[in-house]
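The values are calculated or read from the model by the stated rules, or taken from the named source; none is laboratory data. Every value quoted in this text rests on a predicted model; they were computed, and no experiment measured them. Here Cβ is always computed from backbone atoms with ideal geometry, including for glycine, and neighbour counts include all displayed protein chains. Only protein heavy atoms, including side chains, enter the accessible area calculation; ligands, DNA and RNA are left aside. Shrake-Rupley method; radii C 1.70, N 1.55, O 1.52, S 1.80 Å.
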Amino acid sequence: MALPVLLGLLSDDERARAERFRFSRARTEFIVARAGLRSILSRYLDAGPARMRFRYAAQGKPCLDFVEEQVPLHFNVSHSHGLAVYAVTTGCEVGIDVEKVRASVATERIARRYFSAREVADFLRVRPEQRCRAFFNCWTRKEAYLKARGSGLSAPLDQFDVTLTPGEPAKLLEDRSHPGEAPWHLTHLDLGADYIGAVATAVRPDAARCWRLGNW
């Protein structure tokens with residue numbers, strides 16, 4: 001679809017938010033991602049994309065402003081360098097994150113700043129040629145978990161641990177900020193060589209289905 005058509009699906013506040021982006025690429029990514037979200041949710045709710053109404057939690061996580069007859073959907077969206085991913089559930093909170101794999105970001109200095117002590121130790125044990133993917137395994141799993149909880153990056157990143165070693169299952173190992181709480185579940189997203197993603201859910205999904213929408 002042409003960008004003006006996608007822009008027409010957005011609400012007034014979303015269009016205003018799009019205009020606040022300094023760079024046209026970021027503005028375009030936001031418009032396409034939000035229009036895509038509206039189109040996906042409209043298929044679940046049998047309503048036009050432009051009719052979707054959102055409200056926002058304290059940390060900015062969007063949720064549907066339900067009317068009584070709507071299906072109680074939970075959803076999340078993430079986009080990075082031209083790729084958008086969406087997660088939709090009917091039974092629990094969900095968070096999703098995607099990042100473009102960039103060696104310039106995946107450094108020990110940044111890991112020590114944002115990862116827990118256990119994660120840093122695991123990161124340094126990974127073979128050097130795998131550290132870039134290990135870094136983004138960790139980053140996307142942490143981000144997806146915080147988004148699912150609605151915490152955002154204001155939560156202490158060093159107070160919980162996730163797995164990161166390539167080939168090891170995605171897992172939340174411990175959250176010291178919420179002791180005794182039932183464990184949340186992480187799922188690794190295989191998005192090819194250039195991107196890494198993760199999904200976090202409050203309960204283990206009974207089933208998961210994936211679709212690739214292609215280019216808009």
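Data for the structure
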| read-out | value |
| --- | --- |
| Dipole axis of the chain (+1 Lys, Arg; -1 Asp, Glu on Cβ), positive-most option in L10, V105, L172 | V105 |
| The chain: relative contact order as a whole-number percent, Cα under 8 Å and 6+ apart | 16 |
| Exposed GluC sites (Glu not before Pro) absent: longest stretch of the chain, with sites in DSSP loops and at most 16 other Cβ within 10 Å deemed exposed | 70-180 |
| Total charge dipole magnitude, the chain, about the Cα centre, Cβ charges on Lys, Arg, Asp, Glu only, Debye to nearest 20 | 640 |
| Cut-off 14 Å between beta-carbons: net charge of the residues surrounding S80, Lys and Arg +1, Asp and Glu -1 | -1 |
| Cα-based helix-to-principal-axis angle, 131-149 vs the chain, degrees rounded to 10 | 50 |
| Value of relative contact order over segment 160-216, rounded to a whole percent, pairs C-alpha under 8 Å and six or more apart | 23 |
| Quotient of Cα Rg and 2.2 N^0.38 Å for segment 1-139, N being how many residues it contains | 1.27 |
| Cα-based helix-to-principal-axis angle, 24-45 vs the chain, degrees rounded to 10 | 70 |
| Relative contact order computed over segment 100-208 (Cα-Cα under 8 Å; 6+ residues apart), in percent | 27 |
| Exposure ranking of I40, I31 by accessible area [1.4 Å probe, largest first] | I40, I31 |
| Amide H contacts under 5 Å for V94, placed H, 5+ residues apart | F75 |
| E174 long-range amide H proximity, modeled H, under 5 Å | D161 |
| DSSP-loop chymotrypsin sites (Phe, Trp or Tyr not before Pro) across segment 1-35, with at most 15 other Cβ within 10 angstrom | F21, F23 |
| T165, T201, T90, reordered so the largest accessible area comes first (probe 1.4 Å) | T90, T165, T201 |
